[in-house]
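The values are calculated or read from the model by the stated rules, or taken from the named source; none is laboratory data. Note that the structure is predicted; figures quoted are calculated from it, not measured. Cβ sites come from the backbone with ideal geometry, for glycine too, and all protein chains shown count toward neighbours. Accessible surface areas use protein heavy atoms only, side chains included; no ligands, DNA or RNA. Shrake-Rupley method; radii C 1.70, N 1.55, O 1.52, S 1.80 Å.
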Amino acid sequence: MTDLTTLLEVGGPLAALGGGAAYARAKHPAVYWSAVGLPVSTVRLLGSYGSVMEACGLTVAPSRLRVLAVKAATRREVRPVSPRRGMIRPTSTGLRLRLRLAPGQEPADVAASAERLRHAWGVHAVYVRTVKPGVVELRLVGFDVLRQVRMPRKVDAGLLKVPVALREDATPFVRDYRTIPHQLTLGATLSGKSMYLRHLVAGLARQPVALVGIDCKRGVELAPFAARLSALATDPEQAAELLPMLVREMEDRYDLIKARQGIAPDTPAEEITSDVWGLPENERPTPIVLFVDEVAELFLVATKKDEERRDEMVTQLIRLAQLGRAAGIYLEVCGQRFGAELGKGATMLRAQLTGRVCHRVNDEASAKMALGDIAPEAVMAACAIAPERPGLAVAGDTSGGWSRIRTPYLSLGEAADICRKAAHLVPDLPALKPFRPDVPVRPVEPPAPVVQPRPATG
Ligand SMILES: Nc1ncnc2c1ncn2[C@@H]1O[C@H](COP(=O)(O)OP(=O)(O)OP(=O)(O)O)[C@@H](O)[C@H]1O
Ligand SMILES: [Mg+2]
């Protein structure tokens, strides 16, 4: 009987603890990581560093001097040398650790062992990044950060920079218009393209930037942000009127830059500029970001007459993509497919869109349209995205690399609210005034009477 009582006394709390840990691991992985995963993985790493490096083939033979010194001092067996380890830095999602490579090693050797290291130290994933020649950083990620996306609190944001998604190594993916002026976002229906756009609109809404939308789905995705938009076209006819205005605005900006260059022949060299960013702040025109959702709608035509309009629009889009950057005009293009089958100009426009993000696609050809020129593995990764994870995408990097990213969830209502609150930031752009969307006024409910009327009884 006493045995049973002891078993219950010890086993009960242990079972509750185990159950609680399993629940936290499944439902609150970040809490589980901080409380359990982090200490366990740190102990594992510290205890097994040398043997794991040896098992992964990341050690080198000791120098002759070392052999002599060890033999003279301790008479012990001389072990191979592991890369020198820096301090372990815990984070809310994993661990960071720098390694100094041994002579003859390269970062690719460590990267090739990432999968083995992850199993040895019991973490979700291990990523390797070169810090400087001879030094690599290991980023150990404790759990699948893309399951419930939470953006880190400290993010490098600034003018025309929007932290829009999280990478699988728990670093933020920042859409920076100054370094990548134009981007193409592809994905099948319900893959999360509009959510991606929503984050960009909400992020830019708080900045001194003009937002222009072309949403050929009759405006269902962009119209809720009307309060913050400088212009909105909701069908190809309106887009055909809006695009020439943007092209004219771009040409006016070039004239402004040219006028500045020609102020005086003795203008100091550093004041001569070839883009809007070199202009003095009080003369600098507001940057414009043009969002195009469902771009294929602009290309599809039913009649011969529409064909002319389509060709004009495509030419204008190509001109904006080609020349817009220096005039502070940036393109954000979304679509389901964007290939040669859309007709004249499609591949030329695509070639101008430097940034590439590919959500879930239905076939390899669509993934190739977005990522084919980046890396074959990126195409395979995009094809492997499951429909249960909308918002998951593969993003091409400027360096030619790629990474998996996922946007956090942001409801349309929340994004619209951000835009409403930032309505006072809509810049004054006379050229776009005719295209300013109407902001729907919310009906005000009549106040409820304090005293309920009672029917008169006779
Ligand atoms: N990161 C995310 N996390 C959770 N849910 C998401 C995420 N991204 C998108 N979703 C959900 O997936 C659904 C489809 O998203 P979205 O409308 O952005 O897709 P889409 O690619 O624009 O589709 P379509 O081509 O039909 O317009 C929406 O219900 C949205 O709430
Ligand atoms: Mg959409």
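Where the accessible area of the chain is counted over protein heavy atoms with a 1.4 Å probe, how much of it, in %, is carbon and sulfur?
On the chain, the fraction of accessible area on carbon and sulfur atoms equals 56 percent.
Exceeding 22 Å between C-alpha atoms, which entries from my cross-link table qualify? They are Lys305/Lys368; Lys193/Lys217; Lys344/Lys368; Lys304/Lys344; Lys27/Lys161; Lys161/Lys433.
Result: Lys305/Lys368; Lys27/Lys161; Lys161/Lys433 exceed 22 Å.
Might you work out the accessible area of Trp33 for me, using a 1.4 Å probe with all protein chains in place, and round it to the nearest 10 Å²?
About 10 Å², ignoring ligands and nucleic acids.
Is the shape of the range 326-421 best called rounded, prolate or oblate, per the rule: a/c under 1.5 gives rounded, else a/b larger than b/c gives prolate, else oblate, with a ≥ b ≥ c the square roots of the Cα gyration tensor eigenvalues?
Oblate shape, in that a/c is at least 1.5 and b/c is the bigger or equal ratio.
So the label point goes 7 Å from the Cα of Asp311 along Cα→C-beta, right? Which residues of the range 344-375 then have their backbone N under 17 Å from it?
Answer for the range 344-375: 344-349.
For the range 124-275, rounded, prolate or oblate, judged on the Cα gyration tensor with a ≥ b ≥ c (square roots of eigenvalues), a/c < 1.5 rounded, else prolate if a/b > b/c? Mind dumping the intermediate values first?
On the way: a/c = 2.86, a/b = 1.27, b/c = 2.25.
Verdict is oblate for the range 124-275.
Please report the net charge: other residues with Cβ closer than 11 Å to the Cβ of Gly187, K and R +1, D and E -1. Intermediate values should be presented prior to the final figure.
Working: positive: Lys193, Arg337, Arg360; negative: none.
My count for the surroundings of Gly187 gives +3.
Highest mean first, what order results for 107-114, 242-249 on Cβ atoms within 10 Å? Before the final figure, lay out the partial values.
On the way: 107-114: 16.8, 242-249: 19.1.
Top of the packing list down: 242-249, 107-114.
Just reorder Asp417, Asp428, Asp255 by solvent-accessible area, largest first, 1.4 Å probe, all chains present.
Asp428, Asp255, Asp417
Beta carbons within 10 angstrom, averaged per residue: use that to sort the peptides 327-333, 132-138, 348-354, highest first.
Peptide ranking by packing, descending: 327-333, 348-354, 132-138.
Work out the FRET efficiency for Thr179 and Ala365 from their Cβ-Cβ distance, taking R0 = 25 Å, and round it to the nearest 0.05. Don't skip to the end; give the middle numbers.
Values: r = 29 Å, r/R0 = 1.16.
With R0 = 25 Å, the Cβ-Cβ based efficiency is 0.30.
Determine the order of Ser403, Ser274 by accessible area, beginning with the largest, at a probe radius of 1.4 Å.
Ser274, Ser403
Over the chain, average the accessible area per residue using a 1.4 Å probe and give it in Å², no decimals.
That works out to 54 Å² for each residue.
If you place +1 on the Cβ of every Lys and Arg and -1 on the Cβ of every Asp and Glu, how big does the dipole about the Cα centre of the chain come out, in debye to the nearest 20? Kindly include the intermediate steps, with their values, before the conclusion.
Details: 60 positive and 49 negative charges, 451 e Å.
Result for the chain is approximately 2160 debye, rounded to the nearest 20.
Percent antiparallel among DSSP beta bridges with both residues in the chain, to the nearest 5?
Antiparallel bridges make up about 60 percent of those DSSP assigns within the chain.
Can you return the aspartates and glutamates within cross-link range of Lys132? Criterion is Cα-Cα under 16 Å, with same-chain partners fewer than 8 residues away left out.
Within the straight-line cut-off, Lys132 pairs with Glu106, Asp109.
Given a 1.4 Å probe and the protein chains all in place, what does the accessible area of Ile257 round to, in Å² to the nearest 10?
10
Can you compute the modelled spin-label distance between Thr354 and Thr189, with each label point 7 Å from Cα toward Cβ, in nm?
Distance between label points: 3.5 nm.
Given the -39500 (n - 2.57) contribution per DSSP H run of 4+ residues, what per-residue ellipticity at 222 nm results for the chain, rounded to the nearest 500 deg cm²/dmol?
Numbers: 14 runs with 169 residues, N = 458.
Mean residue ellipticity, 222 nm, calculated: -11500 deg cm²/dmol.
Need one number: nm distance between label points at Arg96 and Ala35, each 7 Å from Cα along Cα→Cβ, rounded to one decimal.
Simple spin-label model gives 2.7 nm for this pair.
Given the protein chains as shown and a 1.4 Å probe, how many square angstrom of Met87 are accessible, to the nearest 10?
Taking all protein chains as shown, Met87 has close to 130 Å².
Express in nm, to one decimal, how much length is gained between Lys154 and Leu256 on full extension, taking 0.36 nm for each residue of separation and deducting their alpha carbon distance.
Stretched out fully, the Lys154 to Leu256 stretch lengthens by 33.0 nm.
Could you work out the relative contact order of the chain? I mean the mean sequence separation of Cα pairs under 8 Å and 6+ apart, divided by the number of residues, in percent. Could the numbers behind the result be given before it?
Details: 777 pairs, mean separation 74.5, N = 458.
That works out to 16 percent.
In whole Å and largest first, what semi-axes does the C-alpha gyration tensor of the range 161-435 yield when each eigenvalue is scaled by 5 and square-rooted?
Equivalent ellipsoid of the range 161-435: 29, 21, 20 Å, largest first.
Run the numbers on the range 26-93 and let me know its relative contact order in percent, using alpha-carbon pairs under 8 Å that are six or more apart.
40
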